[in-house]
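Asks: Quick one: the structure is below, and I'll ask about it shortly.
The values are calculated or read from the model by the stated rules, or taken from the named source; none is laboratory data. Not measured: the values here are computed from a predicted model. Note: ideal-geometry Cβ built from the backbone for every residue, glycine included; neighbour counts use all protein chains shown. The area values use the complete protein model at the heavy-atom level, side chains included, leaving out ligands, DNA and RNA. Shrake-Rupley method; radii C 1.70, N 1.55, O 1.52, S 1.80 Å.
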Amino acid sequence: MKLINKFFKPFVFISAASFVIGCNKELPVAEPIVTPAPTGSTIVEALDDANFSILKAAVNRAGAPLKTILSDKNAVYTFFAPTDAAFQASGIPSVDVINMLRPGFLDTVLRYHLVGGQKLTTASIPTTFPNIQEPSMLVLAAPSASLPPGLRMPIFPSKRGNIVWANNIPVLQGDIEVANGVIHKVAAIVAPPQQFLWNKIDTAADLTYLRAAILRADSGATATGSLQAALLNPAASLTVFAPTNLAFQQILTGQITLALMAQGMDQATAGATASFLASTPDVFSNPALFSALSAQTVKGIVVYHLLGQRAFLVNFPATPANVPTLLNTAIAAHPGVTLQATFDGSGFSVTNATVKGVANPSASNILVSPIPAPKGTSDQHYINGVIHVIDQVLRPQ
């Protein structure tokens, strides 16, 4: 052992001394790492494409702030870019019409087509339900006092098979690489929404029963805890299945008829009385019916018509699939509703779509419309969600 110790001690000493001496040497001067500047055309330069003549005029008309953003080679963007045909399909036929529009309006519309800070290729957009949500470059003009400033309006890319959409607008040509991101050519203008869900429900002539049901459901609720508050919340993202007035009349007439017969009234008289009571939205505010249409019961029905995420029809599953509703926040084990969509031969649009409640004998049809909101009946897009009009009231139990 002594021989071994004598052998190793000098080695340890020499090694340690060498290490100390080595550490006292001057370090070489660090050279900065130079990141090469992106090469190739920017988004603005790519608008020289002959198919982008109207879009190029719109960017120029919008003014310097937007043009500067699209010219920045040090930034990264995803741009859902309408072609000339897309503008024409959306009712803007020429550059002359663009030049008659307000610059601020064009800036608003085009910023909604732009996702900042990331490059969303078609391969990176998932086929999952619901649509993914990305913040556009459009900042909400007047967010509520409870929300942070700079809240950006979301845009919703999705994919089914090999087809990509921005909201419900199909991408006709994707993955056009540019120095500051990627461009996807879309089939129409992806219009930014301007109203809240409640604004539509509160004023729509064909949704007066849904409005009355929501008001009944909110009886006794605090202002911030009401369904109206949720439907006016700019940070929410909901899907509303909105039964027509006729759908409400039919189910209410049937349920009231059964209730009156259970009290001893003959079928004919019960049916006539029920038909009269259900003939106006006042059925929800009739004190004589409060025991059957209590605020809690009606609220359970209404929230069963709401999804806690925004879903355009093109994002619906092609085979029946169960999706939770807001009723699941109270009854976690509830199976939710069953959704299904049928696409046309091209795969670009939905021809039929259904939503089925657990207790509905058959699925309710979504009234599919080729016209986007606010004139259509499906894919009505609002700041905090989307509305699909349906022909049945969904029954949770």
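Asks: Counting Lys +1, Arg +1, Asp -1, Glu -1, what net charge surrounds A50 among other residues with beta carbon under 11 Å of its beta carbon?
Replies: Result for the local shell: -2.
Asks: So, one more: Given the chain, what count of lysine pairs have C-alpha atoms under 14 Å apart, with each pair 8 or more places apart or on different chains? Walk me through the numbers on the way to the answer.
Replies: Working: K56/K67; K56/K185; K73/K119; K200/K375.
Final tally of qualifying lysine pairs is 4.
Asks: Expected output is a single nm value to one decimal: the length gained when fully extending between N365 and T203, i.e. 0.36 nm times separation in residues minus the C-alpha distance. What is it? It would help to have the intermediate numbers written out before the result.
Replies: Working: separation 162, 0.36 × 162 = 58.32 nm, distance 2.29 nm.
Working it through step by step, the gained length comes to 56.0 nm.
Asks: Quick one: net charge of L66's neighbours, Cβ under 10 Å, K/R +1, D/E -1? All intermediate terms of the calculation are to be shown ahead of the outcome.
Replies: On the way: positive: R61, K67, R111; negative: D107.
The answer is +2.
Asks: Using a basic spin-label model with each label point 7 Å from the Cα along Cα→Cβ, how many nm lie between D344 and A221?
Replies: 3.8
Asks: So, one more: What ratio of Cα Rg to 2.2 N^0.38 Å holds for region 294-388?
Replies: Working: Rg = 13.9 Å, N = 95, 2.2 N^0.38 = 12.4 Å.
Here the Cα radius of gyration is 1.12 times the empirical estimate.
Asks: Right, another one. Using 1/(1 + (r/R0)^6) with R0 = 30 angstrom and r between the beta carbons of S294 and V358, what's the FRET efficiency to the nearest 0.05? Numbers along the way, then the final one.
Replies: Values: r = 20 Å, r/R0 = 0.68.
That gives a FRET efficiency of 0.90.
Asks: How much FRET efficiency would the formula 1/(1 + (r/R0)^6) give for E45 and Q173, where r is the Cβ-Cβ distance and R0 is 30 Å, rounded to 0.05? Let's see the in-between values first.
Replies: Numbers: r = 18 Å, r/R0 = 0.59.
Working from the Cβ atoms, E equals 0.95.
Asks: If you take every DSSP beta bridge fully contained in the chain, what fraction is antiparallel? Give it as a percent rounded to 5. Could the numbers behind the result be given before it?
Replies: Values: 35 of 47 bridges.
Restricted to the chain, the bridges split so that about 75 percent are antiparallel.
Asks: From the protein chains alone at 1.4 Å, what is the descending order of accessible area for D379, D49, D282, largest first?
Replies: Numbers: D379 15, D49 55, D282 100 Å².
Ranked from most to least accessible, the order is D282, D49, D379.
Asks: Give the label of the value calculated from the structure for Cα Rg over 2.2 N^0.38 Å, choosing from (1) 1.10; (2) 1.39; (3) 1.14.
Replies: Checking each listed value against the structure points to (2).
Asks: Follow-up question, since we're still on this one. Calculate for the chain the 222 nm mean residue ellipticity that helices alone would give, adding -39,500 (n - 2.57) per DSSP H run of length 4 or more and normalising by residue count, nearest 500 deg cm²/dmol.
Replies: Values: 13 runs with 123 residues, N = 397.
Value at 222 nm, helices only: -9000 deg cm²/dmol.
Asks: Continuing with the same structure: What area, in nm² and to one decimal, does the C-alpha convex hull of region 148-282 cast on average over all directions? All intermediate terms of the calculation are to be shown ahead of the outcome.
Replies: Working: hull surface 53.9 nm².
Averaging across all directions leaves 13.5 nm² for the Cα convex hull.
Asks: Scanning the chain for helices, which whole DSSP H stretches are 30 Å or more long along the axis (Cα) and average 1.0 or more by Kyte-Doolittle?
Replies: Working: long enough: 2-23 (32 Å, 1.23).
Those that pass (Cα extent of 30 Å or more, hydropathy at least 1.0) are 2-23.
Asks: Same structure, new question: Say each of A268 and T68 gets a label point 7 Å from the Cα, pointing the same way as Cα to Cβ; how far apart are those two points in nm?
Replies: Going from the A268 label point to the T68 one covers 8.0 nm.
Asks: Explain nothing, just the number: relative contact order of the chain, from Cα pairs under 8 Å at least 6 residues apart, as a whole percent. The partial results should precede the final answer.
Replies: Numbers: 712 pairs, mean separation 54.9, N = 397.
Relative contact order comes out at 14 percent.
Asks: With the chain treated as a Gaussian network of Cα nodes joined by springs under 10 Å, which of A230, A217, A204 yields the largest mean-square fluctuation?
Replies: A204
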